[in-house]
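A short reminder: the numbers here are calculations on the coordinates, not readings from a lab. Only a predicted model underlies this, so the values are computations on that prediction, with no experimental measurement involved. Here the Cβ positions follow ideal geometry from the backbone for every residue, glycine too, while neighbour counts run over all protein chains shown.
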Amino acid sequence: MTGAWRGLLPLTALLLGGADVRPTQEYLSPEIREAQEDPSRHPGWLWVEEGEALWRAGEKPCASCHGGIAGMTGVAARYPAVASDGELLDLEGRIERCRTQHQGEASFGRESEALLALTAAIALQSRGMPVAVATDGPAAPFLEEGRRFYQTRQGQLNLSCGQCHDDNAGRRLRGDVISNGLGTGYPAYRLEWNTMGSLHRRLRACSLGVRAEQFPPGSREYLTLELFLASRAKGLPIEAPGLRR
Ligand code: HEC
Ligand code: HEC
């Protein structure tokens, strides 16, 4: 970062009315950051490959309607998004809809290997692209709900998300460097999980961390929270599939 730019940051934060939100990769250790960029050292690539195979599989493959998976470029950067029926969908929810309504198959299920694989393969098509979620119109009430959740003190520790991810970003907690708490790297392969997991699974870990109620993946609470996280990440790059300790 140049000196001039650093000088501008407090002003930008003031103008945006928010904290200084930085790409998650800037908080990763050099080893993890490099491995995240290197398919040969990133176990998440097994899911990407499986997702690409699933894209072409079955009687009515995803590809039969959508063409090559490269046609999904930029899609992950626009999710979560409000569907035509007014429901807020994350990328997983959108895929499940195609699975049941367009493919006529049983849903994969949240945190299933197949859903994580397809989500990872689709998200990869947007890697490096800036987050560009819609936050106005039908998305606005969902955004406000997510913002309220983010700002509310929770659990036995009585901490809001922002007290860690804004006020203490960059500091260490139990061996982790606290990032700005964005969803840009999900789904991610987490070494502690020994597998791929969704953003909502990670959010459950943060809820547990403050001894607050954990919501199921796909719940309204985490969907609206995800939208708010994406609004904070607007303009920052998609990093999925991420690699985490
Ligand atoms: C029979 C055709 C059909 C099949 C098969 C199908 N889709 Fe879709 N898909 C659609 C249509 C149509 C839309 C636009 C939204 C709508 O009308 O439901 C869509 C939208 C999407 C979107 C959102 C795109 C955007 O720009 O927001 C994603 C992601 C997606 N599909 C993924 C998949 C995946 C993954 C599969 C396979 C598991 C699949 N689709 C199978 C027809 C299909
Ligand atoms: C006690 C501090 C603390 C609180 C409160 C907290 N988190 Fe976290 N969170 C962490 C730590 C530590 C990590 C792991 C390091 C990192 O990625 O920031 C983490 C990780 C995350 C990540 C994953 C980032 C990545 O790229 O892997 C997201 C997203 C996140 N938190 C969102 C939230 C949200 C939303 C809330 C409120 C419901 C919340 N956190 C509450 C400490 C906290």
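About its Cα centre, how strong a charge dipole does the chain have in debye, to the nearest 20, once Lys and Arg get +1 and Asp and Glu get -1 at the Cβ? Intermediate results must be reported in sequence, preceding the final value.
On the way: 28 positive and 29 negative charges, 113 e Å.
Value, rounded to 20: 540 debye.
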Task: Cα pair distances exceeding 26 angstrom across the chain, given as percent - done: 38
TODO: Report P(r) for the stretch 30-114: all Cα-Cα distances, bin width 5 Å, range 0 to the bin holding the largest distance, values in whole percent.
DONE: 3, 12, 18, 23, 21, 12, 6, 4, 1
Task: Other-chain or far-sequence residues with amide H under 5 Å of Thr195's (modelled H) - done: Arg190
Open item on the list: Report, to one decimal in Å, the Kirkwood hydrodynamic radius for the stretch 84-158 based on all distinct Cα pairs.
Closed with: 14.9
Open item on the list: With just the Cα atoms defining each centre, how far is the stretch 34-64 from the stretch 90-108? Give it in Å.
Closed with: 17
- [ ] Using just the helices of the chain, give the 222 nm mean residue ellipticity in deg cm²/dmol: DSSP H runs with n ≥ 4 each add -39,500 (n - 2.57), and the total is spread over all residues, rounded to 500.
- [x] -11500 deg cm²/dmol
